[in-house]
Amino acid sequence: PAAIAASIFIGLAMPALADLVRPVLPVTVFCLLTIAMTRIDIGAARNQIERPAPLVFGLGWMMIATPLIMGVIFLLIDVNPAYALGLLLLGTTPPTVSSPAMSHMLRLDGTFSLALLLIGMVITPFTVPTLTGYILNSELEISSSALALRLFSLIGGASIAAFLLRRLLKGERRTQAEPYFDFANVFVMGLFAVAAMDGVTDALIANTWNTLALIGFAFALSFGMLALTATLFWRLGPARALTIGFSSGNRNMALAISALAGNVHPDTWLFFAVVQFPIYLTPLMLRPITTRIIARHAPPPGQET
């Protein structure tokens with residue numbers, strides 16, 4: 001996690017490198033999706049999906065209710081259209097592909113996080129084009145159907161690549177490949193973070209306070225969504241409620257940006273870039289807190305269910 005977090009600051013410190021690797025951002029998203037799907041524990045995911053109520057309510061809140069609430073806020077408050085699009089792309093996309101691994105690190109429910117991610121990716125081609133098009137009308141550069149097709153292609157292509165890898169790496173081979181997957185994951189996430197920082201350094205120099213305020217807003221949004229969502233779902237238990245909260249506060253906006261080939265307004269790109277700060281840094285910041293909460297609510301020895 002520390003190495004991944006450091007990659008953001010590498011991108012800020014080396015803006016020429018960030019500009020150089022920005023065109024490969026869609027490739028990094030494809031690779032991250034492929035790695036995540038290759039490493040899926042099918043049995044564990046199936047067990048979660050067989051009890052769908054928490055998943056349905058969690059994803060319904062995250063990917064449908066949240067953007068609709070944003071739409072109501074946009075009617076009441078005049079929001080920069082480029083930032084409004086960024087907020088809706090954030091609200092209609094699934095959790096980040098790293099959320100299951102990060103959930104394990106935070107002592108949350110990593111298997112439930114994986115189920116949220118899988119089903120969230122399935123419905124993303126419907127939520128992103130439909131809700132952004134409905135709420136913002138003509139703000140998207142391409143039609144809703146074209147965006148849906150691109151999302152289907154991206155997610156479907158990664159699924160096929162993962163299926164082929166799983167067929168190739170059976171049994172002992174997959175176990176032996178785990179360290180290489182770890183390395184690839186860290187490398188690709190680092191490359192993604194560097195690419196996402198393109199233009200942020202210039203924005204910090206040209207509009208320091210505005211950019212810092214936007215970064216602060218990104219952290220407030222992430223922590224606020226985590227806290228609000230965990231509170232709403234607390235009856236499911238601290239681990240699961242915090243898992244839904246963490247997933248809700250850290251979304252894979254890169255899916256939509258990649259489907260749009262990065263062709264978005266500079267302000268939308270800047271919003272996408274600053275959202276990566278809490279995604280990459282929050283796990284390090286939250287680990288002591290979530291560990292303490294989970295330990296406090298753990299059942300006494302011998303009473304686990």
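The values are calculated or read from the model by the stated rules, or taken from the named source; none is laboratory data. Because the structure is a prediction, the values reported are computed rather than measured. No Cβ is skipped: glycine too gets one built from the backbone with ideal geometry, and neighbour counts run over all protein chains shown. Remember, those area values only see protein heavy atoms, side chains included, never the ligands or the DNA or RNA. Shrake-Rupley method; radii C 1.70, N 1.55, O 1.52, S 1.80 Å.
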What area, in nm² and to one decimal, does the C-alpha convex hull of the chain cast on average over all directions? 16.2 nm²
In nm, to one decimal, how far is the A13 label point from the V122 one, both placed 7 Å along Cα→Cβ? 4.4 nm
Given charges of +1 on the Cβ of Lys and Arg and -1 on the Cβ of Asp and Glu, with all other atoms neutral, how large is the dipole of the chain about its Cα centre, in debye to the nearest 20? 960 debye
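Work the Kirkwood hydrodynamic radius out for segment 148-294: mean of 1/r over every pair of different alpha-carbon atoms, inverted, in Å. It would help to have the intermediate numbers written out before the result.
Working: mean 1/r = 0.0561 Å⁻¹.
Averaging 1/r across every pair of different Cα atoms and inverting gives 17.8 Å.
Please report the carbon-and-sulfur percent of the accessible area for segment 1-85; probe 1.4 Å, protein heavy atoms only, DNA, RNA and ligands left out.
75 percent
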Using the charge dipole of the chain (Lys, Arg: +1 at Cβ; Asp, Glu: -1 at Cβ; taken about the Cα centre), state which of N252, L131, G120 has its Cα farthest towards the positive end. G120
In nm, give the distance between the simple-model label positions of E50 and W234, each being 7 Å from the Cα along the Cα-to-Cβ direction. 3.2 nm
Leading residue at positive end of dipole, the chain (Cβ point charges), from A65, M285, G110: G110
Could you please report the charge total around V29, scoring K, R as +1 and D, E as -1 over all other residues with beta-carbon less than 14 angstrom from its beta-carbon? +3
Could you provide, to the nearest whole Å², the per residue accessible area of segment 223-295 with probe 1.4 Å? 36 Å²
Just to be sure I understand the rule: take each whole DSSP H helix in the chain, project its Cα atoms onto its long axis, keep it if the span is 18 Å or more and its mean Kyte-Doolittle hydropathy is at least -1.0. Which ones pass? 25-38, 110-136, 144-168, 172-196, 208-232, 266-297
For the chain, what is the relative contact order in percent, using Cα pairs closer than 8 Å and at least 6 residues apart in sequence? 33 percent
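Need the full-extension length gain, F163 to D78, defined as separation in residues times 0.36 nm minus the C-alpha distance. One decimal, nm.
My answer for the length gained is 26.0 nm.
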What are the residues whose amide H is under 5 Å from the amide H of D109, where those residues sit 5 or more places off or on another chain and H is modelled from the backbone? T243
What is the dipole size for segment 123-261, taken about its Cα centre, with +1 at each Lys and Arg Cβ and -1 at each Asp and Glu Cβ, in debye to the nearest 20? 680 debye
